Amino acid sequence: MDPSREVAAFRALLTAEGIALLARIPPYDGERALASAATLRRDGVDSDLAAAALTQARLRDRARAKLGEDAARLWFTADGLEQATRPGVAAAHAERFARAAVDRVADLCCGIGGDLVPLAGAARTGAVGVDRDPLTAAVAEANAAVLGAGDRVEVRCEDVADTDLTGVDGVFVDPARRGGGRRALDPRSWSPPFSFVLDVSARVPATGAKLAPGVPHGVLPLDAEAEWVSDGGDVVECALWCGPLATGVRRRATLLPSGATLTGDGARRGVVGPVGRYLVEPDGAVIRAGLVAEAADLVDGRLLDPTIAYLTCEHRPSTPFGTAYEVTDVLPFGLKRLRTLLRQRRVGRLTVKKRGTAVQPEALRTQLRLHGDEEATIVLTRVAGQQSVLLVERLP
């Protein structure tokens, strides 16, 4: 559909007629979508408006898992939903700007407004949202109104490179990191490129950016704070904090929703030693931040291998920064030996965790030919450079 028609159809959804139309559409069901569309056409609903309404119904259904109950009243685009910041993460972003007492913040590449509204609440006089896609900008403006922040938000539809930052003393940038349906791994290929973030931070010191978790450490400025964030166990971003938004540390791993946080410079290398009674699998944010050695200190532990992010210790570990297991067996990796052990223990359901091995879990399960009523967890990894198998039991 032509972009101007898309925007017009979306704005029609915001009217009383559009709201009433959405209320008529039953909860989204992929098998009934064509029937719903046919019903709307039969009732004489404009085709563009009908398409917009059905799209919103489908996207709201998809958004529930990410955004909870708010999904039923918010507005979406497909790309905007995919890239939207989770509410807990957006709240943490806004808290940085609130602590820095920012007066007015610009959210560049604001998308559908996931960060924009919390940022507007954190800044003293509100926020400016900028996105170059007309439909996305319209959706962001509508979401600000839905969430009661319409009077604190200004949305501009323009390229962020052309945005006038006069009167802005805080900036948040969320570059697009996809192209042609694929993730763009090279920071130079982001839109705008990572160099734009650095240029903005030189003009507005209180600059933050939402970067990919896999951003190379070498491109991050030495005078900024890089914070890897996991939410419910999923590593969702590396947030870069410059100027007054930084706290004086180089690297940070933050776990949400608990808020547990671990800091360091990312340069330490942990002690390596033999398998102990317990195993700890560090959270992904800890691993991405390069803070595995710091996590080992907290449990008086050591690494199984200098290149693998598994920790081991002698005393029952208590840490928010990883999942703990008790080790019951350790053996060199070998299909025959492992099959015999699992059959002796009547294991029929097997969870396979792995690091540092090319073994594919599904193929391994097939080769093991498991039978039995018990379940078990194994860890395939290297111990002092040797391929090994650890049988473990997760601690409560």
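Within the range 128-139, residues that are at pLDDT 95 or above reach partners that are basic (Lys, Arg) and assigned to a strand (DSSP E or B) with beta carbons closer than 6 Å, at six or more positions or on different chains, in the pairs Val130/Arg156.
Scanning the range 15-38 turns up at least one residue that is at negative phi, outside any helix (DSSP H, G or I), buried (at least 16 other Cβ atoms within 10 Å of the Cβ) and not aliphatic (A, V, I, L, M).
Report, by residue number, each residue of the range 349-396 that is among the small types (Gly, Ala, Ser) and in contact with a helix residue (DSSP H, G or I) (Cβ under 9 Å, 6 or more places away or on another chain). Residues satisfying the conditions are Gly372, Ala376.
Closer than 25 Å to Arg132 by Cα and touching a Phe, Trp or Tyr at 6+ places or on another chain (Cβ under 8 Å), is that true of Val105?
yes
Do we find that Arg60 is among the basic types (Lys, Arg), farther than 21 Å from Ala142 by Cβ and surrounded by 17 or more Cβ atoms within 10 Å (Cβ to Cβ) in this structure?
no
Would it be correct to say that Asp107 is at pLDDT 90 or above, touching a Leu at 6+ places or on another chain (Cβ under 6 Å), crowded, with 20+ Cβ neighbours inside 10 Å and in the same structural domain as Val204 (by TED's automatic domain parsing)?
For Asp107, the condition - at pLDDT 90 or above, touching a Leu at 6+ places or on another chain (Cβ under 6 Å), crowded, with 20+ Cβ neighbours inside 10 Å and in the same structural domain as Val204 (by TED's automatic domain parsing) - is met.
Residues in the range 183-226 that are within 16 Å of the chain's Cα centre (by Cα) and basic (Lys, Arg): 2 in all.
Filtering the range 70-101 to residues that are in contact with a Lys or Arg (Cβ under 8 Å, 6 or more places away or on another chain), over 23 Å from Arg177 (Cα atoms) and surrounded by 15 or more Cβ atoms within 10 Å (Cβ to Cβ) leaves Ala71, Leu74.
In the range 309-340, of all residues being out of contact with any helix residue (DSSP H, G or I) (no Cβ under 7 Å at 6 or more places or on another chain) and in a loop (DSSP other than H, G, I, E, B), the one that is surrounded by the fewest Cβ atoms within 10 Å (Cβ to Cβ) corresponds to Ser318. The number of residues in the range 227-284 that are over 20 Å from the mean Cα position of the chain (by Cα), among the aliphatic types (A, V, I, L, M) and over 23 Å from Arg394 (Cα atoms) comes to 5.
Only a single criterion out of (1) part of a strand (DSSP E or B); (2) free of Cβ contacts under 8 Å to residues at least 60 places away in the same chain is not satisfied by Val359, namely (1).
Run down Leu380, Leu368, Leu395 and say which single residue is more than 30 Å from Arg302 (Cα to Cα), in contact with a Lys or Arg (Cβ under 9 Å, 6 or more places away or on another chain) and either surrounded by 14 or more Cβ atoms within 10 Å (Cβ to Cβ) or in contact (Cβ under 8 Å) with a residue 40 or more places away in the chain (or both). Among Leu380, Leu368, Leu395, only Leu368 is more than 30 Å from Arg302 (Cα to Cα), in contact with a Lys or Arg (Cβ under 9 Å, 6 or more places away or on another chain) and either surrounded by 14 or more Cβ atoms within 10 Å (Cβ to Cβ) or in contact (Cβ under 8 Å) with a residue 40 or more places away in the chain (or both). Find the residue count for the range 205-229, including only residues that are surrounded by fewer than 22 Cβ atoms within 10 Å (Cβ to Cβ) and touching a residue at least 40 places away in the same chain (Cβ under 8 Å). Summing the residues that are surrounded by fewer than 22 Cβ atoms within 10 Å (Cβ to Cβ) and touching a residue at least 40 places away in the same chain (Cβ under 8 Å) in the range 205-229 gives 3.
The values are calculated or read from the model by the stated rules, or taken from the named source; none is laboratory data. Since the structure is predicted, the reported quantities are computational estimates derived from the model, not experimental observations. For neighbour counting, all protein chains shown are included, and Cβ atoms are generated from backbone atoms with ideal geometry for every residue, glycine included.
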